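Okay, so here's the structure we're looking at.
The values are calculated or read from the model by the stated rules, or taken from the named source; none is laboratory data. As the structure is a prediction and not an experimental result, all values here were calculated from the model. Quick reminder, even Gly has a Cβ in these numbers, built from the backbone with ideal geometry, and neighbours come from all protein chains shown.
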Amino acid sequence: MFYALVDLTIPKTRCHKLTGLAPSSLHERLHPGYRRKHNPTPHRLRRKDVMLTDQERTLICKQLDATPEVPIQQVYYQQWDHGQVLASLSSYYRMSKTPTCVSRGPKTTAVRVSKTPRTTPPQLVATKPYQTLVWDITTLPLLTRGHNTYLHCVVDLYSRAIVGWGIDDQPNTTVAEEIFTQIIATATKQGHQVEMIHSDNGTSMKSRKMQQFCQTHGIVRSHSRPRISDDNPHVESSFATLKNDPTYPKVFEDKNHARNWIRTWVDYYNTTRAHSALEFFTPHQILTNTWKGTWAIRNSAKQRLYEQNPTRFRHQRPRVRTPEPEVYFNLTNTPEHQGNTTLINELMQ
């Protein structure tokens, strides 16, 4: 298995993760016969002549347990002054952390049993645009102290594009319903269908109005687990990108100012900014399936560089990565799930 990975020119660090072998074992197999010492002594048996005996360990723990309120350093020097010190100060500290030292050893704590019922993690799959939507609401501070406006944002999981947004004075289910109605109309016009909507457990997300809206349109609702902050990472990541943008104003003058800035930024995010999770294509290119033309340009440029100087690429033709055709979140643990297929699985087949 290891040599099959090496023949595929996979980096050594990747081979180490896939095979589970230690780096030293990989080096031994790549360079047989170059081991510096045959039959080396195990680490636990080295320097055995200077190890503390069991009797010395017991006496040290008794000295520490005799005065548990006295710091270890003080105990050490007191014993030294009486000529009864048995080891170095670091050895006294090390022995104080063992279970043999009753007064200073590791304390057993009661296991806290959570009363919250365990829920299964949300499992999202997107193989085409508009299939799975994720959304959330974030605050945008206004110039007046203590006043905010609220951004309702919907992200397409497949393309990471912001396909709908709205601003209101409060988290508003009506605004969210209008946004989703417009998204469904756009998706239907392009021959797509919204199958799932994922969100956290906010009041607007779990309202009866949103429940009736999803039932009317045959959409499955999905929610984050209670008190799990990373169950809706894609839209949270877009919020972080928004608020870390150099042009992001710390406060907005009013709701119109926020709406105008968000409109400009969303257009930039969708059509101009290269997304790292999309192999640095833009969300709009993935959403409209126009990324192949850009990929062809990138590939021809790379191949041209290779033809000019192959040694820069170690005589291996560069491969330009393409976006993943399927997006998964919280994969199932069943082996037959196609999203769990890795290189090691393919080699074993």
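Every condition in (1) surrounded by 15 or more Cβ atoms within 10 Å (Cβ to Cβ); (2) modelled with pLDDT of 95 or more holds for SER222 except the one numbered (2). Annotation for region 267-284: no member residue is touching a Cys at 6+ places or on another chain (Cβ under 9 Å), touching a residue at least 60 places away in the same chain (Cβ under 8 Å) and not in a loop (DSSP other than H, G, I, E, B). When region 287-321 is filtered for residues that are closer than 27 Å to TYR158 by Cβ, of a type in the set (Lys, Arg) and in a loop (DSSP other than H, G, I, E, B), the ones remaining, listed by number, are ARG319, ARG321.
Listed by first and then second residue, the pairs linking a residue in region 198-213 that is free of Cβ contacts under 8 Å to residues at least 40 places away in the same chain to a residue that is among the aromatic types (Phe, Trp, Tyr) and surrounded by 17 or more Cβ atoms within 10 Å (Cβ to Cβ), with Cβ atoms under 7 Å apart and 6 or more places separating them unless they lie on different chains, are PHE213/PHE180.
Taking the options ASP231, ASP245, name whichever one is crowded, with 18+ Cβ neighbours inside 10 Å and outside any helix (DSSP H, G or I). Give the steps one after another, and end with the answer.
Values: ASP245 fails: crowded, with 18+ Cβ neighbours inside 10 Å.
Result of the check over ASP231, ASP245: ASP231.
From the list ASN309, ASN345, ASN270, ASN340, the lone residue that is surrounded by 14 or more Cβ atoms within 10 Å (Cβ to Cβ) and either within 24 Å of the chain's Cα centre (by Cα) or at pLDDT below 95 (or both) is ASN270.
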